[in-house]
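Down below is the structure, laid out as structure tokens.
The values are calculated or read from the model by the stated rules, or taken from the named source; none is laboratory data. Everything numeric in this text was worked out from a predicted model, so none of it was measured. As a convention, Cβ positions derive from the backbone with ideal geometry for all residues, glycine included, and neighbour counts pool all protein chains shown. Accessible surface is based on the protein model in full, side chains and every heavy atom, while ligands, DNA and RNA are left aside. Shrake-Rupley method; radii C 1.70, N 1.55, O 1.52, S 1.80 Å.
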Amino acid sequence: MHLVVVSHACVTDINQQVFAEMESLGHKIDLIVPRNFIAPGLTDEPIKVRRWPEFKGRIIEIPILFNKSIPLHFYKKNLSKMFYNSRPDAVYVAEEPYSLSCFQIVRSAIPFTKVIGFYSAQNINKKYPYIFTKMEQYVYKNSSVAICVSKDVTKVLREKGYKKDVQEIALGVDEGHFIYSQKYRNISRKELNIPTDAYVIGYAGRIVQEKGVDLLIEAFTDVALSDRNTYLIIIGRGPLLDNMKEMVDKSEISHLVKFVDYASHTDMPKWFNCMDVHVLPSKTMPNWREQFGRVLVEAGACGVPSIGSSSGEIPNVLKNMGMNSIFEEGKKKDLVKEIIKLKNEPVDPLLIRNVTIAQYGNKGIAVQIIDAFKNVI
């Protein structure tokens, strides 16, 4: 199969890995990515597109307008000629169906491919301005398959009137890159000046209100006051980073909290291996709840157990990895209880990794995506 994939996420090299897995299965993959995308709240400069070493297909970089917005960006080029010349078997637009780029690609590709599919992780039925609703319905009408990350997303698609094939396929993890490594553990702890025998609690992700980092800091304070050989590492950037640093500076355990605001996605295996437990304390907001929680499977692939809140898809992902450390979102006492409980339980990193890879490894995810398109061609 010749598959053309359009994805702003693939400006980051590691997100290309699942498509390298498809190539290893004998398929031809082309990627279309923005040349000048700026990740909102994370970077101020366009992200330089890099190639994942194992991905051999074409990477077509095209400038975009509204380059700081995921739903509003679109390509500064008429793509019809490119689809006319390549005549792919299928086009996978890895963007939400209400986005400008998804509408643009679907409209350009319709005459020149057998099948068009789109991606969705929208698990709340939101009302959009009229023009976006019309674009979304156009995508529904002219696509053959939707790939979504959960049953909640499927429910939203059906409520909005999508009647065609839906395949629920989770976000995957590169099992060759996210690994369990004592070497990474030693390097990362030395870099942060954390004792090798310390118990390390970690968070990885955006520093924004809905991720609940403030709740984690409060819970950690309670835990650390009874055990000063416990550390918290916070990996990520975002608009509330300075607020979280100020919150820590005012506490009596500030020397036990380490911020890493310079890590790239590619570096994350090192930082997950630094942790003894990973926490995702997301909080449901009026217009948002956790759509999946990819950091859960990335931590699991590194042999690290996770504690997660009850927001959105988190409980389902953890249960699929054989974990039951779930707390009621927003409840600090419940989070403290889960941290202490897991701290006192024996952990088998290799078992955690094996279960995670069996459920969420990119080799299996690649097969599922290819099958989703084969089934509708």
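Could you please tell me which pairs satisfy a Cβ distance under 6 Å, a separation of 6+ or placement on different chains, a first residue in the range 96-113 that is of a type in the set (A, V, I, L, M, F, W, C), and a second residue that is in a loop (DSSP other than H, G, I, E, B)?
The qualifying pairs are LEU100/LEU72; CYS102/GLU95; PHE112/ARG87.
Considering only the range 307-317, I want to know if a residue exists there that is farther than 29 Å from GLU168 by Cβ, under 17 Å from the mean Cα position of the chain (by Cα), open to solvent by less than 10 Å² (accessible area, probe 1.4 Å) and touching a residue at least 40 places away in the same chain (Cβ under 8 Å). Show your work before the answer.
Initially, the range 307-317 is screened for residues farther than 29 Å from GLU168 by Cβ, giving none.
Checked the range 307-317: no residue is farther than 29 Å from GLU168 by Cβ, under 17 Å from the mean Cα position of the chain (by Cα), open to solvent by less than 10 Å² (accessible area, probe 1.4 Å) and touching a residue at least 40 places away in the same chain (Cβ under 8 Å).
On the basis of being within 27 Å of THR43 (Cβ to Cβ) and either acidic (Asp, Glu) or surrounded by fewer than 18 Cβ atoms within 10 Å (Cβ to Cβ) (or both), does ILE179 make the cut?
Working: within 27 Å of THR43 (Cβ to Cβ): yes; either acidic (Asp, Glu) or surrounded by fewer than 18 Cβ atoms within 10 Å (Cβ to Cβ) (or both): yes.
So ILE179 fits the description; yes.
Please state which one of ILE201, ILE207, ILE233 is outside any helix (DSSP H, G or I), within 14 Å of ILE339 (Cα to Cα), of a type in the set (A, V, I, L, M, F, W, C) and touching a helix residue (DSSP H, G or I) at 6+ places or on another chain (Cβ under 8 Å).
Working: ILE207 fails: within 14 Å of ILE339 (Cα to Cα); ILE233 fails: within 14 Å of ILE339 (Cα to Cα).
Residue meeting the stated conditions: ILE201.
Listed here are the residues, each with its yes/no results for (1) buried (at least 18 other Cβ atoms within 10 Å of the Cβ); (2) in contact with a Pro (Cβ under 7 Å, 6 or more places away or on another chain); (3) in contact (Cβ under 8 Å) with a residue 60 or more places away in the chain.
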site: CYS274; (1), (2), (3): yes, no, yes
site: SER282; (1), (2), (3): yes, no, yes
site: GLY293; (1), (2), (3): yes, no, no
site: GLU298; (1), (2), (3): yes, no, yes
site: CYS302; (1), (2), (3): yes, yes, yes
site: LYS319; (1), (2), (3): no, no, no
site: ASN344; (1), (2), (3): no, no, no
site: VAL355; (1), (2), (3): no, no, no
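Where residues in the range 46-68 are aromatic (Phe, Trp, Tyr) and surrounded by 16 or more Cβ atoms within 10 Å (Cβ to Cβ), which of them is farthest from TYR262 (Cα to Cα)? Steps first, answer last, please.
Going residue by residue through the range 46-68, those that are aromatic (Phe, Trp, Tyr) are 52, 55, 66.
Applying the additional criterion that residues be surrounded by 16 or more Cβ atoms within 10 Å (Cβ to Cβ) yields 52, 55.
Values: TRP52: 20, PHE55: 25 Å.
Result: PHE55.
Could you please tell me which pairs satisfy a Cβ distance under 9 Å, a separation of 6+ or placement on different chains, a first residue in the range 323-339 that is within 13 Å of ASP222 (Cβ to Cβ) and basic (Lys, Arg), and a second residue that is open to solvent by less than 20 Å² (accessible area, probe 1.4 Å) and at pLDDT below 95?
none
List the residue pairs whose Cβ atoms are under 6 Å apart, where the first residue sits in the range 69-92 and is open to solvent by 30 Å² or more (accessible area, probe 1.4 Å), the second is part of a loop (DSSP other than H, G, I, E, B), and the two are 6 or more positions apart or on different chains.
Within 6 Å, the pairs are PRO71/SER99; LEU72/PHE66; LYS76/PRO63; ASP89/MET1; ASP89/LYS114.
TYR84 is checked against (1) in contact with a Pro (Cβ under 9 Å, 6 or more places away or on another chain); (2) part of a loop (DSSP other than H, G, I, E, B); (3) hydroxyl-bearing (Ser, Thr, Tyr) and fails just one. What number does that condition carry?
So the condition that TYR84 fails would be (2).
Within the range 139-156, can you find the residues that are assigned to a helix (DSSP H, G or I), surrounded by fewer than 22 Cβ atoms within 10 Å (Cβ to Cβ) and touching a residue at least 40 places away in the same chain (Cβ under 8 Å)?
Filtering the range 139-156 for residues assigned to a helix (DSSP H, G or I) gives 139-142, 151-156.
Imposing the further condition that a residue be surrounded by fewer than 22 Cβ atoms within 10 Å (Cβ to Cβ) reduces the set to 140-142, 151-152, 154-156.
Within the range 139-156, TYR140, ASP152 qualify.
Name the helices (runs of 4 or more DSSP H) wholly inside the range 280-377 in which the number of residues that are under 21 Å from TYR184 (Cβ atoms) and among the aliphatic types (A, V, I, L, M) is 2 or more. Before you say what the answer is, go through the steps one by one.
Details: elements: 294-301, 314-320, 332-343, 349-360, 362-374.
Result: 294-301, 349-360.
Tally up the residues in the range 254-298 that are closer than 18 Å to THR230 by Cβ and touching a strand residue (DSSP E or B) at 6+ places or on another chain (Cβ under 8 Å), please. Write out each step before concluding.
If we filter the range 254-298 for residues that are closer than 18 Å to THR230 by Cβ, which is where we start, we get 254-260, 271-279, 281.
Filter once more, so that each one left must be touching a strand residue (DSSP E or B) at 6+ places or on another chain (Cβ under 8 Å): 256-260, 271-272, 274-279, 281.
Matching residues across the range 254-298 total 14.
Kindly provide the set of residues from the range 29-45 that are open to solvent by 40 Å² or more (accessible area, probe 1.4 Å) and either out of contact with any Pro (no Cβ under 8 Å at 6 or more places or on another chain) or of a type in the set (A, V, I, L, M) (or both), ordered by number.
PRO40, LEU42, THR43, ASP44, GLU45
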